[in-house]
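A quick write-up on the structure given underneath.
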Amino acid sequence: SMVRAAALMSEKNGQADLVLSGYRFLVSLEGDGAVESASQGAKLSLSNVYRIEAKNSDGENVDQFPGTPLYLKLPWSGTDTDQLSIIVSEDGEGWNAMDADQIVFAQPSNGEDDGYVVLRTTHLSYFAVAQASSGESVDSGGSESSSSSSGGGGGSLLLLPLLLGAWRLRQTWLRRGA
């Protein structure tokens, strides 16, 4: 199932261990109405809308994790990373494209193995992987942040630590260069 192909991860550090240890995380596929709402008005093609939730020990919903980046892996059946976009919604109704900088990695589908996208976020809500319709371009200039984690075949799990390490080096290099 598409839900089993999704994953939520965090960096292994003391802050994440402290902040996230008391939460239960839920991933669900939304129905056709959410897919229609997400693709309405935009010239985007998408097949699934995922709702990512967290509940604290009292069973209350929590959607913000400031200072604790989460990585969300979502299935993607596309093959063209130039046409890839992630759209997010706080309520499943109003959708925005997230910043392209929040996409950590994209593995296109190759016919044998499903593809996936890894996103970084500090909040949980509704997420959809979208692809521009033929002849259209993707505008990823939105202000929403989102995150993904890796998945797919067995080698993907080994690839994630390398990707996160490379991303950390990139962030450190960008901070020093600024």
*asked:* Residues that are within 22 Å of LEU20 (Cα to Cα), at pLDDT 90 or above and not hydrophobic (A, V, I, L, M, F, W, C): does region 135-152 have at least one?
replied: no
Looking across region 102-127 at residues that are within 16 Å of GLN83 (Cα to Cα) and among the β-branched types (Val, Ile, Thr), the single one that is surrounded by the fewest Cβ atoms within 10 Å (Cβ to Cβ) is ILE103
With criteria (1) touching a helix residue (DSSP H, G or I) at 6+ places or on another chain (Cβ under 9 Å); (2) without any contact (Cβ under 8 Å) to a residue 40 or more places away in the chain, GLU93 comes up short on (2)
Contact list, first residue from region 1-23 and under 23 Å from LEU74 (Cβ atoms) and touching a residue at least 60 places away in the same chain (Cβ under 8 Å), second anywhere and among the charged types (D, E, K, R) and in a helix (DSSP H, G or I), beta-carbon distance below 9 Å, six or more apart or interchain, is SER10/ASP17; GLU11/ARG168
Of the residues in region 79-101, those that are within 23 Å of SER28 (Cβ to Cβ) and surrounded by fewer than 21 Cβ atoms within 10 Å (Cβ to Cβ) come to SER89, GLU90, ASP91, GLY92, GLU93, GLY94, ASN96, ALA97
Going through region 17-33 in order, the residues found to be under 18 Å from HIS123 (Cβ atoms) and touching a Gly at 6+ places or on another chain (Cβ under 9 Å) are VAL19, ARG24, GLU30
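The values are calculated or read from the model by the stated rules, or taken from the named source; none is laboratory data. Keep in mind it's a predicted model, so treat the numbers as computed, not measured. Here the Cβ is made from the backbone with ideal geometry for all residues, glycine too, and neighbour counts use every protein chain on show.
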